[in-house]
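Below is one structure, written out as structure tokens, with a few remarks after it.
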Amino acid sequence: MRVAILGTRGYPFVYSGYETFVKEMGERLVSREVEVTVYCHSPLFKEKPKTVNGIHLVYIPSIETKSLSQLTSSFFSFIHVCFSKADVVFVANSANGPFGVFTKLFGKPSVINVDGLEWLRPKWKGLGSWYYMMASRLATKLFDQVITDSDEMQRIYLELFNAPSKMIAYGANPRIDSDEVLIEQWNLEPEAYFLIVGRLIPDNNSDLIVKGFLESNSKRKLVIVGDVPYQDQFASKMKRISDDRLVFTGYVKDPEVLASLYHNCYAYFHGHEYGGTNPAMLKALGYGCAILALNTPFNQEMLQEGKYGWYFEKNVSSVVQIVENAESAPEKMKLLRKNSRDGLVQKYNWDYVTDQYVAVFEKLCKRKIEAKLVQKN
């Protein structure tokens, strides 16, 4: 079976959840003797090997701006894949919904992972919001199988678009230890800081968390890991906030350093609001963090209604309160850190996730073969 993956920045480039997903699932598909091809944004790769870890790579031109990078890359990727030998096309991101017309016209079995409520994200206002709503609706019409990554997202797609979907979550890689020396480059000490990990975009509410933290009586630091790969007013404003308790690390691409930051934090703040199963939250669970999460249905689902974390509301006073509650309850934070890995139930296991995708791919291939036999008869 030959599977083509497109709609992400590529492989082995790991920038966000989708690229991590491609790495984890793609490598497992190869180990299952599936032929995997990943489409990459050409401008993001200085070196362009044809194959890495058994995964075939195709480099596609793109205009690397906030609004155009994915759409331009996806357009040319869809054209290319329709003339390829791929048996199944797997697509990430509901923004690619309209491009499903190509795979449908060429008879290529197709699967799309639609991600979160993109049309509600603050970064996509006006035309962007309209486009995402339209694209998400079209995705349910043009692709053979829609994948949602959480039970709540599955419910929303059924209610909003009358579109049934298969729920397949993301996976996690639990880790027990790390090298605490790696955090010393920022003059950090174990459990002497709170942590945020994610892109500096309004959707993740890092500005709210920072403001609430600075208004609290905490003597710890707040470490903000992440950035955006383009010039952005929100990110620039965030990084201009001057306070001795704030540490902006920018991107941390070394997985060992990132693991150390997770492992050694006093608590991890999760302000993501519009997604389903979130990879940063999965890392926090897998790395043994005490989690303080924005109160959303998605975060309630991942933390199993508060069993593996605490919640705060979307206002500054709630952030202040949860910081001060966490500061005054070190034993409870310790207990959360001790038990967090137990929250990684089977649906967050990468091997289980991959097995489910393989079943979907094989079903679509079988359906195509059966359709051809019917036509011949």
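Read the figures in this text as sums done on the coordinates, not as results from a lab. Just so it is clear, the model here is predicted, and its values are computed rather than measured. In this analysis, Cβ positions are derived from the backbone assuming ideal geometry, glycine residues included, and neighbour counts consider all displayed protein chains.
Give the Rg (one decimal place) followed by the Dmax (whole number) of segment 178-301, computed from C-alpha coordinates and expressed in Å.
13.6, 37
Going down the list LYS23/LYS123; LYS283/LYS338; LYS253/LYS283; LYS46/LYS253; LYS141/LYS166; LYS46/LYS85, which pairs span over 19 Å between their C-alpha atoms?
As for pairs spanning more than 19 Å Cα to Cα, those are LYS23/LYS123; LYS46/LYS85.
Based on the Cβ-Cβ distance of GLN321 and PHE45, what FRET efficiency does E = 1/(1 + (r/R0)^6) give at R0 = 30 Å, to the nearest 0.05?
Once the sixth-power term is evaluated, E becomes 0.10.
Listing MET302, MET1 from the residue with the fewest other Cβ atoms within 10 Å to the one with the most, what is the order?
Starting with the residue having the fewest Cβ neighbours, the order is MET1, MET302.
Sequence neighbours fewer than 8 away in the same chain don't count; with that in mind, list the lysines whose C-alpha is under 16 Å from LYS221.
Counting by Cα, and skipping residues close in sequence, LYS221 has these lysines nearby: LYS211, LYS239.
Can you compute 3J(HN,Hα) from phi for each residue in segment 154-165, using the Karplus curve 6.51 cos²θ - 1.76 cosθ + 1.60 with θ = phi - 60°, rounded to whole Hz and x for Gly and Pro?
Along segment 154-165, the couplings run 4, 4, 5, 5, 6, 6, 7, 10, 6, 10, x, 9 Hz.
For PHE248, PHE45, what's the fewest-to-most ordering of other Cβ within 10 Å of each Cβ?
Final ranking by Cβ density, sparse to dense: PHE45, PHE248.
Which Cα, out of LEU188, ALA329, TRP310, lies furthest along the positive dipole direction of the chain (beta carbon charges, K/R +1, D/E -1)?
Highest projection toward the positive end goes to TRP310.
Counting pairs of alpha carbon atoms under 8 Å apart in space and at least six apart in sequence, what relative contact order in percent does the chain give?
Once divided by the residue count of the chain, the mean separation gives 15 percent.
So for segment 180-346, averaging the separation of alpha carbon pairs under 8 Å that are six or more residues apart and normalising by length, what relative contact order in percent results?
25
About its Cα centre, how strong a charge dipole does segment 172-320 have in debye, to the nearest 20, once Lys and Arg get +1 and Asp and Glu get -1 at the Cβ?
Dipole of segment 172-320, to the nearest 20 debye: 300 debye.
Show which aspartates and glutamates lie in cross-link reach of LYS366 when reach means a straight Cα distance below 12 angstrom and same-chain residues fewer than eight apart are skipped.
ASP87
When SER73, SER165 are ordered from fewest to most other Cβ atoms inside 10 Å of their Cβ, what list results?
Fewest to most other Cβ atoms nearby, the residues stand as SER165, SER73.
Run the dipole for segment 127-203 about the Cα centre, Lys and Arg Cβ at +1, Asp and Glu Cβ at -1, nothing else charged, and hand back the magnitude in debye, nearest 20.
Roughly 760 debye, rounded to the nearest 20.
7 Å from Cα along Cα→Cβ at both ASP254 and ASP351: what's the point-to-point distance in nm?
3.1
Rounded, prolate or oblate: which fits segment 105-212 when a ≥ b ≥ c are the square roots of the eigenvalues of the alpha-carbon gyration tensor, with rounded for a/c under 1.5 and prolate only if a/b beats b/c?
Prolate shape, in that a/c is at least 1.5 and a/b is the bigger ratio.
So how far, in whole Å, is the C-alpha centre of segment 33-82 from the one of segment 97-121?
16
May I have the pair-distance distribution P(r) for the chain, computed from all Cα-Cα distances with 20 Å bins from 0 and rounded to whole percent?
Using 20 Å bins, I get a P(r) of 28, 57, 14, 1 for the chain.
Over 18 Å apart: what share of the alpha carbon pairs of segment 1-145 falls there, rounded to a whole percent?
That tail contains 54 percent of the Cα-Cα pairs.
Determine the dipole magnitude for the chain: charges of +1 sit on the beta-carbon of Lys and Arg, -1 on that of Asp and Glu, nothing else is charged, the reference point is the Cα centre, and the result goes in debye to the nearest 20.
Dipole of the chain, to the nearest 20 debye: 1300 debye.
Among GLY97, LEU160, TYR230, which residue has its Cα furthest toward the positive end of the charge dipole of the chain, with +1 on Lys/Arg Cβ and -1 on Asp/Glu Cβ?
Value: GLY97.
Take the alpha carbon atoms of segment 113-152, find their radius of gyration, then divide it by 2.2 N^0.38 Å using N residues; give the quotient.
1.20
According to the square roots a ≥ b ≥ c of the eigenvalues of the Cα gyration tensor, what is the shape class of segment 266-354, taking rounded for a/c under 1.5, prolate for a/b larger than b/c otherwise, and oblate for the remainder?
Oblate shape, in that a/c is at least 1.5 and b/c is the bigger or equal ratio.
Restricting to the chain, compute how many DSSP beta bridges are antiparallel as a %, nearest 5.
The antiparallel proportion sits near 5 percent.
Tell me, how many Å apart are the Cα centres for segment 273-321 and for segment 324-364?
Centre-to-centre (Cα) distance: 12 Å.
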